[in-house]
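Working notes, beginning with the structure itself.
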Amino acid sequence: MPPPALYGKRHREIANSLWRIVAEDRLPQTLLFAGPEGVGKATLARHLAAGINCDLGPCEPCGDCSACRRILAADLSLESFKRQLAERRKLPAAKRAEAPLVIATYTDVLIFPPDGPMQIIGIDQAITLRNAARLSPSEGRRRIFIIEHAERANAEAANALLKTLEEPAPNLTIVLTSENPYLLPATIRSRSVPFFLPALTRDEMAAFLERRQDIGEEVREQVATWSQGSPGVALSLDAEEFLRRRDTMLALLGTALSRGEFAQLIGKLDKIARRESEGIEALAVMIASLLRDLLRLHLGVDENLTHRDIRDELERLASGISFEWTARAIEALDELEQMRQRNIQKQIALEAYALALQR
């Protein structure tokens with residue numbers, strides 16, 4: 001298995017900085033990789049873990065030795081892991097608590113992803129991490145624990161994690177990945193060395209997509225635009241689903257702006273709420289991307305539009321927005337996230353969001 005490619009210039013610079021730190025034996029106990037969804041935070045974490053434990057290292061991972069192959073195999077974006085995690089979400093909470101979710105394809109590299117229907121890092125996982133942190137490496141040079149989407153740790157789990165960070169274990173580095181690190185407690189952020197991984201530029205995304213045989217050349221430019229510089233999003237993007245989701249969220253914003261009737265919109269929201277693939281988080285991301293484009297067009301800035309293919313419709317909507325309305329729409333997205341965390345039904349949450357824009 002070849003080592004994971006790092007396509008962004010900034011990503012490669014961060015990787016080089018980390019290798020210098022490793023060479024000087026100064027690797028911190030806690031690293032924080034922040035950045036948008038799918039830009040390579042978990043990939044970089046696996047890259048680091050593989051290289052540290054590589055048979056030829058510590059060095060950049062060779063990708064061929066047993067340690068590299070096993071560590072790099074723990075890519076949770078692979079279909080096999082997606083199916084496994086989807087099946088686990090169907091289990092009762094008591095069953096999940098009996099066996100806290102930890103992914104390990106190599107003894108000394110543990111991955112803690114969000115678990116359950118609400119996709120949170122729970123106290124059972126945090127306790128498992130704390131207990132494992134007391135152990136010494138069994139076959140590698142250093143233990144690496146990767147907590148994906150660390151901002152989703154609930155209050156109990158965050159407190160347990162903080163206790164682990166306050167008592168540094170030898171030969172252990174914890175890597176937190178986060179799309180919004182400011183949702184993490186300040187006490188955890190202050191004990192982490194942060195690295196920000198930005199979205200890829202247009203040229204970097206083009207170079208990435210050129211290497212992908214599974215994405216047709218005729219749709220690469222559109223995929224690059226819709227994915228907003230995120231390779232992970234580009235690979236998982238379903239064009240039909242994307243357009244269906246966008247049409248509904250566009251109708252939601254349009255109805256709110258025009259103070260129109262909600263009857264037809266409610267029917268659309270009901271259909272999208274019934275689809276398991278349409279989580280509140282994915283819908284909120286779509287709304288945010290539409291709001292960004294509306295604000296750009298309202299300000300007369302037409303560069304880097306995510307939804308350039310419907311520019312005329314967006315310009316029509318942008319003519320009716322104000323800064324006050326946009327600020328309210330963005331603030332309501334935070335309320336939408338809070339409803340997701342409380343496991344509010346999708347349709348109710350979306351209807352509440354639309355109504356909040358009409359206040």
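Once you order the gyration tensor axes a ≥ b ≥ c over the Cα atoms, which shape class does the chain get: rounded for a/c under 1.5, otherwise prolate or oblate by comparing a/b with b/c?
It is prolate, given that a/c is not under 1.5 and a/b is the larger ratio.
On a C-alpha basis, how far is the centre of region 107-130 from the centre of region 29-100 in Å? Whole number, if you could? Their Cα centres are 12 Å away from one another. Cβ under 9 Å from Ile111's Cβ, Ile111 left aside: what net charge do those residues give with Lys, Arg +1 and Asp, Glu -1? It works out to a net charge of 0. Can you tell me how region 9-198 classifies by the Cα gyration tensor, rounded, prolate or oblate, using a/c under 1.5 as the rounded cut? Verdict is rounded for region 9-198.
Each of Lys9, Lys41, Lys95 was scored by other Cβ atoms within 10 Å of its Cβ. Listed from fewest to most, they are Lys95, Lys9, Lys41. Overall, the chain carries a charge dipole of about 800 debye about its Cα centre when +1 sits on the Cβ of Lys and Arg and -1 on the Cβ of Asp and Glu, all other atoms neutral. Seen against the Cα atoms of the chain and their longest principal axis, helix 123-132 is set at about 20 degrees. Mean 1/r over all different Cα pairs, inverted: what Kirkwood radius does region 30-142 give, in Å? After inverting the mean inverse Cα-Cα distance, the result is 15.2 Å.
Of the residues Pro92, Pro170, Pro231, the one that moves most in a GNM of the chain with alpha-carbon contacts below 10 Å is Pro92. Remark: spin-label model distance Ser17-Lys82 equals 3.2 nm, labels positioned 7 Å along the Cα→Cβ axis.
Between the beta carbons of Leu355 and Asn304, assuming R0 = 41 Å, the FRET efficiency works out to 0.85 to the nearest 0.05. Sequence-ordered 3J(HN,Hα) estimates for region 222-230 from the Karplus curve with 6.51, -1.76 and 1.60 and θ = phi - 60° stand at 5, 4, 4, 6, 5, 7, 6, x, 10 Hz, glycine and proline given as x.
Readers should treat all values here as calculations from the given coordinates under stated rules, not as data from a laboratory. All values reported here derive from a predicted model rather than from experimental measurement. Backbone-built Cβ (ideal geometry, glycine too); neighbour counts: all protein chains shown.
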